[in-house]
Structures are given as structure tokens and as C-alpha cells.
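One structure below.
The values are calculated or read from the model by the stated rules, or taken from the named source; none is laboratory data. Keep in mind that this is a model prediction, so the values were computed, not measured. So basically every Cβ, Gly included, is an ideal-geometry build from the backbone, and we count neighbours across all protein chains shown. For the accessible areas, the whole protein counts, side chains as well, though only heavy atoms, and no ligand, DNA or RNA atoms are used. Shrake-Rupley method; radii C 1.70, N 1.55, O 1.52, S 1.80 Å.
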Amino acid sequence: LKSGNKYKGVETFTIVRNPYDRMIAEYYDFFDRLRDRKLERGDADGIERDLNSPKELHKWVRDAIRTSRHEGTCYQGHCIEFYKYVYSKEGEQLVDHVLKYENLQTDFDDLMAQYGIPLSL
């Protein structure tokens, strides 16, 4: 957040994801969306790719890094490091609870129990 913690005094939580898993999921989602857009336009050219090819993945990640360096983000913000959402520039943690996507059910259920909220995933 650019101007301090606008959520100060309010209990907050966020969910973060392992960066490797996050980029792999974005890789597959990127090509799924690309294929869908092409098919909607009736353009099937170039939609057949071997997404499990290490060369395809390497090229995509390389392009994502290059785009992120030049534009500050890539693929709709998915290359922004999570710490930029969790901490201020001064290092203050802006979010009270950080849940991990890989442990989401347990982390979320524990958080709801901590606040006495009868909600679970």
C-alpha cells in the first residue's frame, strides 16, 4: 500500500501462494485463456501446444520476468511479489493474518475458530 495502512484497527487476512506453484498455475491459465479467446474468434491457429514442454515453460517464464522488469508487473499482476501486499515500504506488516494457499483449509478453519466464527472451507 502506498500511503500507509488504510486497514489499521481492522482485523485483516490475506492468502499467499508458493511463488513456484503460483507461476505454474498462471502458465496453464494463460494458455487456457488464450485458447478460449482464439476459439471465440474462430481462430484455431497456434492453439495446439505442448504445455508440458520444458522449453515452452522456460520461454514463458523468461518472457514474464522480462515483462515484469520493464513494466513492473506481468500477466495481470501475477508477478508482483506477495510481500508488497503484506508489508509497507517501511517493513510494517499491513495484514494481521497471512494464510498459505497450500494449507488453506487448515489455516482458514483455524482463523475462523480463533475469532469464534462458525465457518469452514
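The selection criterion, being assigned to a helix (DSSP H, G or I), open to solvent by 60 Å² or more (accessible area, probe 1.4 Å) and either touching a residue at least 24 places away in the same chain (Cβ under 8 Å) or touching an Asp or Glu at 6+ places or on another chain (Cβ under 8 Å) (or both), does not hold for residue 11.
Kindly provide the set of residues from the range 66-97 that are hydrophobic (A, V, I, L, M, F, W, C) and more than 14 Å from residue 22 (Cα to Cα), ordered by number.
Here is the first cut: in the range 66-97, the residues hydrophobic (A, V, I, L, M, F, W, C) are 74, 79-80, 82, 86, 94-95.
Answer for the range 66-97, where residues must be hydrophobic (A, V, I, L, M, F, W, C) and more than 14 Å from residue 22 (Cα to Cα): 86, 94, 95.
Just checking, which of 66, 41, 33 is more than 17 Å from residue 12 (Cα to Cα) and in contact with a Cys (Cβ under 9 Å, 6 or more places away or on another chain)? None of the other options fit; the residue is 66. Taken as a whole, the range 11-24 holds no residue that is of a type in the set (Asp, Glu) and farther than 25 Å from residue 109 by Cα.
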